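The values are calculated or read from the model by the stated rules, or taken from the named source; none is laboratory data. All of these numbers come straight from a predicted model, not from anything done at the bench. Heads up, the Cβs are rebuilt from the backbone with ideal geometry, glycines too, and the neighbour counts pull from every protein chain shown.
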Amino acid sequence: MFNDARQLSQNQTLEADICIIGGGPAGITIACEMIGTRNKVILLESGGLELEPETQDLYRGQNIGRHYYDLDICRLRFFGGTSNHWGGWIRRLQPMDFVKRPWVPYSGWPITHDDLIPYWERAEVLMGFGPIGFDALALSKGYDGIKPFPFDPKHMHAEATHWRRPMHFGEKFGPELKKADNVTVMLHANALQIDRSGSGTAVDRVRYATLDGKKGLVRARTFILATGGIENARMLMISNIGNDHDLVGRFFMDHPQPAAGMLVTIDDTDKRWTPYAYPHPDRHSENVPAGCMVPSPEVQEREGMINNAVNFVFVPSYFSKGFSSLRRAMGKAESYDQSTATFGENLRNVISDIDGIARDTSHRLRSGRTVLQMMEIGVLAQQAPNPNSRITLDSESDPFGLPRLKMHWQLTDFDRHGVIRTVHHVARELGRMGLARIKLEFKDWAPSFDYGYHHMGTTRMSNDPKMGVVDSNCRVHGMANLYVAGSSVFPTSGNSPPTYNLVALALRMADHLKMNA
Amino acid sequence: MKALSRRAVLVSGAAATAVLMAAIGWEFYSVQPESYLADDLSKVFADYREHALYIGTRYLQCTPHEANRETLASLLKGDAGTLPANAEEIRRYLRDRIRQDFAQDRITEVEGWLLSKTEVRLCAITTLSGGPHV
């Protein structure tokens, strides 16, 4: 059922078995899993069913590190949470992402890739897109069985990223929750602080308030903090919980997605490029996977780099002056200037001649046919966990008198090295197969570039309390009944968008709670 | 032995060539002096000369110590010692060599492009074999 905290009595105390703080993808997933169980659940949602400026303003904060999106823009504070602007991209974390790698500082999850497989499968059902695959075979299937490139698995492999019409969790699951007798979604209830019990090793209650002045408490046996990758840390810091080792708020990660260069194909009639040219002009993008290329674990170890992926963006009229003008107008002229295009065109003719094919390429290009001649290269990069990339509490307060946030996002030379070596290795493998040449344009982190709105790492998972805020069940170390859900528990980010992966983790948590709560 | 120019051999006619070959021995052709190799290699891009010049010029600007036809021919020949007999086989040899370059990380960067040593040297030798630089 739905309720509104503004309609409650002043200082009302609510009782539940499970209190979920936050109505985003993680909180809603767990609430849905509890429907029909013997647990009485209260889900506290700060906002309403639509965006409300006063509530959204509670997310305002300062960026004091490298350029980052405004904190009240890159998150959404109403029912459904940040899924309300989710992009819809779906890919699993890879086995390598879970492994402790000596060359990647602070790497390693306390759970394995295999541990999550049943939950990913359930997430696919829950999210309504059914079983999908993520390997080269799945990519091939998405394109009428086009043969995949014969990558040497010792060097590289292909992965499929799926796109589905973005699902707003509030809209999708709101009706189910509304009908549920044992679950109450309490709108406009802002969690202010989590209070410990007398022993200090468990949570006793959560204080909430509305923007129009109502206050109250929620008492429960189990509490789940699910307010997003940034806000989870803020709530723990405000409550002074889980931070015995000064880890809360540290290790903030996003997915940098720098435009890293371009690619020129040797044979633009080679249909095997089709899954990688995204969005392909001849294909509808929904239900068709997009290919990306990932250096093998062996290469990553040898190169001392993190697990990045490379994708390609189809450029329909690369050489046209109109396109160049447009790019210049968009402020990216340095990457697409005339000299680059000229060099690429000359290179293309030379490499095509060496292979004795595509002699009439330029004629085909001018004929208006779709040819996969040139593509932009994007790196789906991850950053190594870095304790100095962090969020802290600010001296400025919000309308509840609670400190706002300061974001100090950092990227390192290790991260830069990873991007360069990833592109280099893809160039090497594509050259070895006689498929393409690559221009590497990325030299260092530009003042501004694309990244994913993916907030991760601030309440990281580890079985060692000195290395993580939560344990392998996402329970806060030292607290018997407080759990954290969402991408803030990711110790490393992988190169996959987090929503689908955090939903799988939330399902796993729900199972754990059903057994133990 | 003093190296003979290819032009001298060609103008002497078939009969004279046969006599000459007999006189100097078959080793001459199995060794293939670099200046002759350079001639052959510079013809690979006969139809795409303008494009090869563009790349070759830029490579040589970054790698002036290779700005010599014989040096480049020697580097392109590698350990093979000789080139195949006809254009089709030369092309196949070069294609395989380029792919090996990538496999073995013999990659050079020209204006950001990650290219095989063999292909840029091929462009460079075309550049040094006449014609205005682009």
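Here are a few things to note about the model shown:
Residue-by-condition table, conditions (1) part of a loop (DSSP other than H, G, I, E, B); (2) among the basic types (Lys, Arg); (3) over 15 Å from residue A:503 (Cα atoms):
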residue	(1), (2), (3)
A:93	yes, no, no
A:110	yes, no, yes
A:117	no, no, no
A:120	no, no, no
A:159	no, no, yes
A:178	no, yes, yes
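- Residues within segment A:284-322 that are under 29 Å from residue A:342 (Cα atoms), modelled with pLDDT under 70 and surrounded by fewer than 17 Cβ atoms within 10 Å (Cβ to Cβ), tallied: 5
- Considering residues of segment A:468-500 that are more than 30 Å from residue A:378 (Cα to Cα) and among the hydroxyl-bearing types (Ser, Thr, Tyr) only, the residue surrounded by the fewest Cβ atoms within 10 Å (Cβ to Cβ): A:472
- Counting the residues of segment A:228-250 that are acidic (Asp, Glu) and over 24 Å from the mean Cα position of the chain (by Cα) gives 2.
- The set of residues from segment A:392-446 being small (Gly, Ala, Ser) and either more than 12 Å from chain B (Cβ to nearest Cβ) or under 13 Å from residue A:60 (Cα atoms) (or both) comprises A:395, A:397, A:401, A:418, A:446.
- Scanning segment B:34-56 for residues that are surrounded by fewer than 18 Cβ atoms within 10 Å (Cβ to Cβ) and of a type outside the set (A, V, I, L, M, F, W, C), we see that the one that is modelled with the highest pLDDT is B:50.
- Whether a residue is touching a residue at least 40 places away in the same chain (Cβ under 8 Å) and touching a Gly at 6+ places or on another chain (Cβ under 9 Å) was assessed, and residue A:449 does not pass this test.
- Tally of residues being part of a loop (DSSP other than H, G, I, E, B), more than 21 Å from the chain's Cα centre (by Cα) and charged (D, E, K, R) across segment A:127-157: 4
- Cross-chain or 6+ apart pairs with Cβ under 8 Å, segment B:86-99 first and more than 9 Å from every other protein chain (Cβ to nearest Cβ), then among the hydroxyl-bearing types (Ser, Thr, Tyr): B:97/B:116; B:97/B:118
- Test: residue in segment A:354-374 that is outside any strand (DSSP E or B), at pLDDT below 75, among the small types (Gly, Ala, Ser) and more than 30 Å from residue B:41 (Cβ to Cβ): yes
- Residue match in segment A:61-68 (condition: surrounded by fewer than 18 Cβ atoms within 10 Å (Cβ to Cβ), in a loop (DSSP other than H, G, I, E, B) and touching a His at 6+ places or on another chain (Cβ under 6 Å)): yes
- Some residue of segment A:416-435 being touching a strand residue (DSSP E or B) at 6+ places or on another chain (Cβ under 6 Å), farther than 16 Å from residue A:250 by Cβ and not in a helix (DSSP H, G or I): no
- Which listed residue is farther than 23 Å from residue A:175 by Cβ and in the same structural domain as residue A:234 (by TED's automatic domain parsing), from A:61, A:48, A:24: A:61
- A single member of B:54, B:59 is touching a residue at least 24 places away in the same chain (Cβ under 8 Å), over 9 Å from the mean Cα position of the chain (by Cα), part of a helix (DSSP H, G or I) and over 15 Å from residue A:345 (Cβ atoms), and it is B:59.
- Search result, residues across segment B:85-134 that are part of a loop (DSSP other than H, G, I, E, B), over 12 Å from the mean Cα position of the chain (by Cα) and not basic (Lys, Arg): B:85, B:86, B:104, B:105, B:111, B:112, B:130, B:131, B:132, B:133, B:134
- Residue check, residue A:182 at pLDDT 95 or above and over 26 Å from the mean Cα position of the chain (by Cα): yes
- Only residues that are assigned to a helix (DSSP H, G or I) and among the hydrophobic types (A, V, I, L, M, F, W, C) were counted in segment A:1-32, giving 6.
- Breaking point among (1) assigned to a loop (DSSP other than H, G, I, E, B); (2) crowded, with 21+ Cβ neighbours inside 10 Å; (3) of a type outside the set (Ser, Thr, Tyr), for residue A:465: (2)
- The residues listed here are A:238, A:224; of these, the one that is within 24 Å of residue A:12 (Cβ to Cβ), buried (at least 24 other Cβ atoms within 10 Å of the Cβ) and at pLDDT 95 or above is A:224.
- Residue within segment A:29-38 that is in contact (Cβ under 8 Å) with a residue 12 or more places away in the chain, on the phi > 0 side of the Ramachandran plot and either surrounded by fewer than 18 Cβ atoms within 10 Å (Cβ to Cβ) or over 22 Å from the mean Cα position of the chain (by Cα) (or both) present: yes
- Members of segment A:220-267 found to be in contact with a Cys (Cβ under 6 Å, 6 or more places away or on another chain) and of a type in the set (Phe, Trp, Tyr), listed by number: A:223
- The set of residues from segment B:75-119 being of a type in the set (Ser, Thr, Tyr) and under 29 Å from residue A:439 (Cβ atoms) comprises B:93, B:108, B:116, B:118.
- Checked against the criteria, residue A:46 does not count as surrounded by fewer than 19 Cβ atoms within 10 Å (Cβ to Cβ) and not in a helix (DSSP H, G or I).
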